[in-house]
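The values are calculated or read from the model by the stated rules, or taken from the named source; none is laboratory data. Fair warning: this is a prediction, and the values are worked out from it, not measured in the lab. As a convention, Cβ positions derive from the backbone with ideal geometry for all residues, glycine included, and neighbour counts pool all protein chains shown.
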Number of protein chains: 2
Amino acid sequence: MTITRIGQVIKLRPEKREEYLRLHADVWPEVLRAIAAANIRNYSIFLREPELLMFGTYEYHGSDYAADMARMAADEAVQRWWKITDACQERLPSAEPGEWWAPMQLAFFRA
Amino acid sequence: MTITRIGQVIKLRPEKREEYLRLHADVWPEVLRAIAAANIRNYSIFLREPELLMFGTYEYHGSDYAADMARMAADEAVQRWWKITDACQERLPSAEPGEWWAPMQLAFFRA
């Protein structure tokens, strides 16, 4: 099995800092289930302050990334979750149309 | 065993982009050995362009982080490596004195 390592970046809105951290200290079980069902493992989100930069990284353990992401995006609980969390975030100005979290390239990996 | 998840951020100097990527596509074996000896696992570095933001993340699997980091920092090959890679990087203006990569806090983790 090939593990794909995903890294992405977004900004946190200053007025939403507490809400975002509180939400992520206790993510809804339905959302956690959808993440697992999408073959996502070892998902971390890190916050840098005072820049309010957030880095998200996870491993993808499945074999059809587009299909797994589409299924997750169609999940009703995930849609409700993203409506709340998207309001906490601000895209990078350089993000492409249609991108929310901005993708990064993997420059180094060592198990 | 407790696994600690470290996340940190730094900038890549534009004129050093190619050199840094080339170095990290083929990291010196002595440096890889020192990383492993320091109980660091699953070490990824991601690059975001055009911002040239780099995000480094790894798991620490040992029991004395300060001692392991000090031992790695004392390694002669690591010192030569850092001399080259530090010249490719620029600290965040907000980094504390003595910090190189700027630390982040873990806002979310799900295995």
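Taking segment A:50-77 as the range and being small (Gly, Ala, Ser) and out of contact with any helix residue (DSSP H, G or I) (no Cβ under 9 Å at 6 or more places or on another chain) as the test, the residues that pass are A:56, A:63, A:66, A:67, A:70, A:74. Can residue A:43 be described as in contact with a Leu (Cβ under 8 Å, 6 or more places away or on another chain) and among the aromatic types (Phe, Trp, Tyr)? No; evaluated as a whole, the condition is false for this residue.
Residues being facing chain B (nearest Cβ under 10 Å), at positive phi and free of Cβ contacts under 8 Å to residues at least 60 places away in the same chain are entirely absent from segment A:81-96. Could you list all residues from segment B:22-39 that are surrounded by 16 or more Cβ atoms within 10 Å (Cβ to Cβ) and within 28 Å of residue B:107 (Cα to Cα)? Residues satisfying the conditions are B:24, B:35, B:38, B:39. Scanning segment A:32-68 for residues that are at the interface with chain B (Cβ under 7 Å from one of its Cβ atoms) and among the aromatic types (Phe, Trp, Tyr) yields A:43, A:46, A:55. For residue B:69, the test of being surrounded by fewer than 18 Cβ atoms within 10 Å (Cβ to Cβ), over 17 Å from residue B:106 (Cα atoms), modelled with pLDDT of 95 or more and of a type in the set (A, V, I, L, M, F, W, C) is passed. Within segment A:39-49, does at least one residue satisfy the condition of being modelled with pLDDT of 95 or more, out of contact with any Phe, Trp or Tyr (no Cβ under 9 Å at 6 or more places or on another chain) and under 19 Å from residue B:12 (Cα atoms)? Yes, some residue in segment A:39-49 is modelled with pLDDT of 95 or more, out of contact with any Phe, Trp or Tyr (no Cβ under 9 Å at 6 or more places or on another chain) and under 19 Å from residue B:12 (Cα atoms).
Just for segment B:4-26: of the residues that are more than 7 Å from chain A (Cβ to nearest Cβ) and without any contact (Cβ under 8 Å) to a residue 24 or more places away in the chain, which one is nearest to residue A:4 (Cα to Cα)? The selected residue is B:25.
In segment A:1-21, which residues are of a type outside the set (A, V, I, L, M, F, W, C) and either farther than 15 Å from residue B:108 by Cα or under 13 Å from the mean Cα position of the chain (by Cα) (or both)? Talk me through it step by step, then tell me what you get.
Step one: of segment A:1-21, the residues of a type outside the set (A, V, I, L, M, F, W, C) are A:2, A:4-5, A:7-8, A:11, A:13-20.
Within segment A:1-21, A:2, A:4, A:5, A:7, A:8, A:11, A:13, A:14, A:15, A:16, A:20 qualify.
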